[in-house]
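Report on one structure; see the data block that follows.
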Amino acid sequence: MTRSATRLVALLSLLVLLAAGCRGGGSTNAKGKAGPAGATTSTGAAPGTAADPGVAGSPGSGATAGGPGGAGGDGSAGTRTTGGGGVGGGATGTAAPVGPRRPKGWRSIAQGPLRSRHSPSAVWTGREMIVWGGAWRAGGAAIFLDDGAAYDPATDKWRMLPRSPLEPRADHIAAWTGKEMLIWGGQPGVERLYGNEFDSGAAYDPASDRWRSIARFPLTPRYGARALWTGKLLVVWGGARAEDGADPPKLSDGAAYDPAADRWTRLPDSPLAGRISPLASSRGGAAFFSWGLGKGGPEAASATWNPGSGTWSPAAAAPPTNTSWCFDLAGCVGVDTGSRVVFAGEGLAYDPAADRWSTIAKSPFADPFLDGKATAWTGRQVVLWGGGRYETESEAYPSKVTPGGSAYDPAANRWDPLPAGPLVARARARAVWTGAEVIVWGGESAYDQRVQYADGAAFTPS
C-alpha cells in the first residue's frame, strides 16, 4: 500500500471514529451500558495521582524538550471559547493577571483532587481555572466522567465542584459567560458505529457554587456539529443524524442559545451546504463557518451569521487542504487576533476585512493531522502545547505524542518555541490563559505507556 493510500485509509478511519464519538479503542455510553469495547462508564471516579496508578510517573517528573517537533492537537475553552468535533474547546481570551508576579518560565501547580483524564473542558473565570468532565481509559474503553474542580493560581489550591445535573462526557464545549461556566454537548460514548452526541447542557455559577440545567436544544440530535461561543451566544451549526446511516445527509441548520434569557433561537436558513466538523470562529459577536465534510467530499464555502441582523453573509471559500474535515478539536475554532482570525493548528488565517484566506508560517504544530494540542490565546500569541497522532482505528491512545510547545505571533507571522517545562509529553490536555500565565492540565500519553495525567504546570511568558 502506498503512503498516500495509507494516509487515506487513516483519514477514513478517523472519520468513522469522529462520527462514533471516539478515536479508537472503543468507548462506552454514559448510562453504563456496554459500548463497543464491552466496558461501562463511570461517574466521577476516585481521585488519581499525576499518572495512572501502577504506571511510573509523578508530578513534575521528566521535563520535556521545548519547541517544535512531532505532532499535536486538542485544546481548552475560556473567555473567547468555541468548540468542536461535535463540540470541543477553543482558545482563551485576554484576562487580568491574578496572584503574585512570577518569574518567566514554567512552574508546577499543586496536585488537585481529580483523577487523571484526557479531553476535559477548562475555562478561566478571572479568578479560577475550572476543569470539568473528560474521560480516562480502562483497557481499550473510554470511561467518561462528570466531576470537576477549580484551581486558584493566587493560592495554588484546588476546590471540588458540586455534582452537576449532566451525564458524564468529554470533548464538550465550555465557555465563560462572565458569570457562569456554560457546558454543552460532548461525546457520550455509543453502542453503535454512528451515535448522536449530547445536545444537553448546564451552567455553573462559582459565586453561588450552584449548577442549573439550560433550556432544551430545539433541533434534532446530531453528531459532528460545530459549537462556538460568540461572547454572548452559544451557536451550534451543522452535523448529521445517527439514524440516517453511514452516509447521512449533512445538516445545514443551527440554533443560538442566550444564557441570559435561557432561550434557544433557530438560525435562519444558511447559504452553506450541510457539513460535518467545519471550521468556525467568532468575531464581533458574529459566527463564521467554513470548510468541513459535505456530500461526497470537502465543502470549501464560507459564510457568517450576524445575530444583530439575523442574516447570513457569504464569505471567501477556504483554500484546499490535505484533509477532508477538521479533526483537531481546538484547531477547528479560530482565534480572533484583531486583524485576522487564526486557525493555528490548521496553518490558516482568514482576514474578514479583505475577505481573504492565507497560510501562516510553517511549524510542526501548524499541522491539521496533529490532534490533541492544548491551546490558549494570550492577547499577543496563540500558544499550542503537546498533542498526538491517532493513526489507526485500533489505537485507544495516540501512537506518538509531541513534547513541548510553541507560540505563534500573528503580527510577525512567526513561531517561537517554548522552553522545556515540568510536564511529560502528552495529548488532549487543556490550557487557559489567566492574564499572566498559560496553565496546562491533564492529558494522556502515547500508546506505549498507556497513562492519563492529573498534573499541571503554568508558563509565564516574557
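How many of the residues making up segment 287-311 are on the phi < 0 side of the Ramachandran plot, under 20 Å from the mean Cα position of the chain (by Cα) and not polar (S, T, N, Q)?
Count: 4.
Consider ALA396 carefully, then state whether it is of a type in the set (Gly, Ala, Ser), under 21 Å from GLY421 (Cβ atoms) and at pLDDT below 95.
Working: of a type in the set (Gly, Ala, Ser): yes; under 21 Å from GLY421 (Cβ atoms): no; at pLDDT below 95: yes.
So ALA396 does not fit the description; no.
Where residues in segment 410-459 are under 22 Å from the mean Cα position of the chain (by Cα) and of a type in the set (S, T, N, Q), which of them is nearest to ALA349 (Cα to Cα)?
The qualifying residue nearest to ALA349 (Cα to Cα) is THR434.
Given the conditions (1) under 18 Å from the mean Cα position of the chain (by Cα); (2) within 27 Å of ILE143 (Cβ to Cβ); (3) of a type in the set (S, T, N, Q), which single one is not true for SER399?
Evaluating SER399 over (1) under 18 Å from the mean Cα position of the chain (by Cα); (2) within 27 Å of ILE143 (Cβ to Cβ); (3) of a type in the set (S, T, N, Q) leaves (1) as the failure.
Among residues belonging to segment 347-364 that are within 20 Å of TRP229 (Cα to Cα) and within 21 Å of the chain's Cα centre (by Cα), point out the one that is surrounded by the fewest Cβ atoms within 10 Å (Cβ to Cβ).
ALA349
What do you reckon, is TYR397 surrounded by fewer than 21 Cβ atoms within 10 Å (Cβ to Cβ), in contact with a Phe, Trp or Tyr (Cβ under 7 Å, 6 or more places away or on another chain) and not hydrophobic (A, V, I, L, M, F, W, C)? Let's see the steps before the verdict.
Working: surrounded by fewer than 21 Cβ atoms within 10 Å (Cβ to Cβ): no; in contact with a Phe, Trp or Tyr (Cβ under 7 Å, 6 or more places away or on another chain): yes; not hydrophobic (A, V, I, L, M, F, W, C): yes.
Answer is no for this residue.
Assuming ALA407 fulfils every condition listed in (1) more than 18 Å from LYS104 (Cβ to Cβ); (2) within 18 Å of the chain's Cα centre (by Cα); (3) without any contact (Cβ under 8 Å) to a residue 60 or more places away in the chain apart from one, which condition is it?
(1)
Within segment 345-353, can one find any residue that is among the charged types (D, E, K, R), over 21 Å from TRP237 (Cα atoms) and assigned to a loop (DSSP other than H, G, I, E, B)? Step through it out loud before you land on a result.
Let us first name the residues in segment 345-353 that are among the charged types (D, E, K, R), namely 346, 351.
With over 21 Å from TRP237 (Cα atoms) added as a condition, the list becomes 351.
With assigned to a loop (DSSP other than H, G, I, E, B) added as a condition, the list becomes none.
No, segment 345-353 contains no residue that is among the charged types (D, E, K, R), over 21 Å from TRP237 (Cα atoms) and assigned to a loop (DSSP other than H, G, I, E, B).
Let me confirm something: among GLY189, GLY224, GLY239, GLY195, which residue is modelled with pLDDT under 95, within 19 Å of LEU267 (Cα to Cα) and not polar (S, T, N, Q)?
That would be GLY224, the only listed residue that is modelled with pLDDT under 95, within 19 Å of LEU267 (Cα to Cα) and not polar (S, T, N, Q).
Filter segment 249-274 down to the residues that are within 13 Å of ALA202 (Cα to Cα) and surrounded by 18 or more Cβ atoms within 10 Å (Cβ to Cβ) and list them by number.
Residues satisfying the conditions are TYR257, PRO259.
Please go through segment 99-114 and give me each residue that is assigned to a strand (DSSP E or B) and either basic (Lys, Arg) or buried (at least 17 other Cβ atoms within 10 Å of the Cβ) (or both), ordered by number. Step through it out loud before you land on a result.
Restricting attention to segment 99-114, the residues satisfying the condition of being assigned to a strand (DSSP E or B) are 105-108.
Those that are assigned to a strand (DSSP E or B) and either basic (Lys, Arg) or buried (at least 17 other Cβ atoms within 10 Å of the Cβ) (or both): TRP106, ARG107, SER108.
How many residues does segment 365-382 contain that are at pLDDT below 95, assigned to a strand (DSSP E or B) and either aromatic (Phe, Trp, Tyr) or surrounded by fewer than 19 Cβ atoms within 10 Å (Cβ to Cβ) (or both)?
0
The values are calculated or read from the model by the stated rules, or taken from the named source; none is laboratory data. Owing to the predicted nature of the structure, the values given are computational and were not obtained by experimental measurement. Because the Cβ atoms are built from the backbone with ideal geometry, glycine has one as well, and the counts that use them run over all protein chains shown.
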